[in-house]
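Input: a single structure, listed below in structure tokens.
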Amino acid sequence: MARTPQTGWLSRASFWRITAVLGLCAAASQAEEAVRPKVVLTPEAAAIHAAGMLFDGHNDLPWEIREKGNSSFDTLDISQPQPTLHTDIPRLRQGGLKAQFWSVFVPADHDKTGDALLQTLHQISIVNTMMQRYPETFEFASTADDIQRIVTSGKVASMMGVEGGYSIEDELSNLQRLYDAGCRYMTLTHSKSLKWADSATDEPISHGLSDFGKDVVLEMNRLGMLVDLSHVSPETMKAALATTTAPVIFSHSSARAICDHPRNVPDAVLPLVAKNGGVVMVNFFSAFIVPTAQLKLDKDARGSLHDVVDHIEHLVKVAGIDHVGIGSDYDGVPQLPAQLESVASYPLITQELLNRGYDKEAIYKILGGNVMRVLRKAEDVAKSMKQE
Ligand SMILES: [Zn+2]
């Protein structure tokens, strides 16, 4: 801007405004550094992390392989470091990942084009290829017992999760098909509302679940496929929690009380999750974790590992230690907090939980014990429903 006498005063005012904001930011970041130092991994935390069973609820690597690698592990060989991804085998090993729900996501517009199931099957074939190509690293698990066995053998136990109920194309029988293909959860919606369930990021249609939506939940219970309430609206969360006979998961959602984003879980829903025996698996995406007040000041703030652990602590406080897990959303999000940039970072969460006074047993629950309990319970419910 040209410095003319006419604009001089305005410029000065702007200058002071900018200086004040910059001063605040500098003060905030200095305070952040002073109060919240970088987390440094100790041998004690590393040992606890290694002994625990980290089971991540959501990773979008299959979609990235499709988009960035033309669906080919020749193009993106994950046995080698892949800096364009959040996930590769060397970093998975560093991060101590024991079990993973691989997302077989397809975009919500496939609801309109009528090929959602076909595209989901394509994503499943990418995960199948990954299992076949890296058999020393991954193995498919179909039950909780399977997971335990595979983890003991030193491999990453792998299950798949469907993201978006449009994948069943309004046919209950397609749930069985997806279950048989290895899918063990389904988010009822993605970013758009369906005829039978409402998305958190769209206008409601059913204001909860339609009758068909309730049938979907009960058929998932009968199969032993986890009902995933990430992406749905609070009304649909409540309707699903009132319908389901098995514990639910939120495979990748954080706490709305800390970051007021519609993708997060409101406090009002958390006691219902506790009563249901379910688990909220914390998403690492910066836009879901940076505290609301800080986001208002700086919409590009990326936050840090400390913010993610704040979400974990809040969920522990409101829902209870038995109802919190990890659902990173690695390779599904464009921005991640400091010190959580890739799958190599997980041990730092264990470290920070230890730093905040969590004991070993509590940390094991958060890392994977809780979601394992949910999976076992869902298997029991399925067995008893099939006997009826
Ligand atoms: Zn998602």
Exclusive hit being in a helix (DSSP H, G or I), touching a Ser or Thr at 6+ places or on another chain (Cβ under 9 Å) and in contact (Cβ under 8 Å) with a residue 60 or more places away in the chain, set L354, L336
L354
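Please pick out the residue among V156, V151, V216 that is of a type in the set (A, V, I, L, M), away from the ligand (no atom under 16 Å from the Cβ) and under 20 Å from the mean Cα position of the chain (by Cα).
On the way: V151 fails: under 20 Å from the mean Cα position of the chain (by Cα); V216 fails: under 20 Å from the mean Cα position of the chain (by Cα).
V156 is the lone residue from the list that is of a type in the set (A, V, I, L, M), away from the ligand (no atom under 16 Å from the Cβ) and under 20 Å from the mean Cα position of the chain (by Cα).
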Under the condition of being in contact with a Pro (Cβ under 9 Å, 6 or more places away or on another chain) and within 15 Å of the ligand (Cβ to nearest atom), which residue from the range 64-109 is nearest to V151 (Cα to Cα)?
W102
Tell me the residue from A255, A242 that is away from the ligand (no atom under 16 Å from the Cβ) and under 16 Å from V216 (Cβ atoms), please.
A242
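Can you pull out the residues in the range 320-335 that are of a type in the set (A, V, I, L, M, F, W, C) and crowded, with 23+ Cβ neighbours inside 10 Å? Before the answer, list the steps.
Of the range 320-335, the ones of a type in the set (A, V, I, L, M, F, W, C) are 321, 324, 326, 333.
Within the range 320-335, V324, I326 qualify.
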Quick test for you: out of L178, L209, L194, L223, pick the one residue that is at pLDDT 95 or above and within 16 Å of the ligand (Cβ to nearest atom).
L194
Contacts under 7 angstrom Cβ, first residue in the range 196-221 being on the phi > 0 side of the Ramachandran plot, partner among the basic types (K, R), 6 or more apart
G208/K238
Of the residues in the range 257-280, how many are out of contact with any helix residue (DSSP H, G or I) (no Cβ under 7 Å at 6 or more places or on another chain) and surrounded by 23 or more Cβ atoms within 10 Å (Cβ to Cβ)?
1
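The values are calculated or read from the model by the stated rules, or taken from the named source; none is laboratory data. All values derive from a computational prediction rather than experimental measurement. Every residue, glycine among them, receives a Cβ derived from its backbone with ideal geometry; neighbour counts consider all protein chains shown.
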